[in-house]
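Here's the structure, in structure tokens; my notes come after.
The values are calculated or read from the model by the stated rules, or taken from the named source; none is laboratory data. Predicted model, so just to flag it, every value in this text is computed and none were measured. Cβ: placed from backbone, ideal geometry, glycine included. Neighbour counts: every protein chain shown.
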Amino acid sequence: MREKAKELCADKVEAFTHCCKESGFFMVFKCREENAALKECLTRHYQDPAFFEECKQEYIREKVEFESTGIPTKNRKQKLPTSM
């Protein structure tokens, strides 16, 4: 759920990351506005019942597939080497 929300708030994540890289040690003080915007965007998605349900259904599908194959989703999506 967290990763999907970060994808939906990509512009806010990018702005906060850029601010932190530019500010260095003083990012705590200089990036408050970007941090607040990022938190607001993520919280909006976390509290959305439709988004929660979508993530829940995806989790259930992945769980059922893992139980039938025994292969985690991350490993299933990786390409296998063509020659060994």
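Computed values, structure above
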{"item": "Residues within region 1-37 that are closer than 30 Å to Lys56 by Cα and in a helix (DSSP H, G or I), tallied", "result": "19"}
{"item": "Pair list, Cβ < 7 Å and 6+ apart or interchain, from region 42-54 residues that are more than 20 Å from Val13 (Cα to Cα) to residues that are in a helix (DSSP H, G or I)", "result": "none"}
{"item": "Top-ranked residue of region 67-84 - restricted to ones that are over 27 Å from Leu42 (Cβ atoms) and either within 18 Å of the chain's Cα centre (by Cα) or part of a helix (DSSP H, G or I) (or both), ranked as modelled with the lowest pLDDT", "result": "Arg76"}
{"item": "Within region 11-60, considering residues that are among the small types (Gly, Ala, Ser) and surrounded by 11 or more Cβ atoms within 10 Å (Cβ to Cβ), the one farthest from Thr73 (Cα to Cα)", "result": "Ser23"}
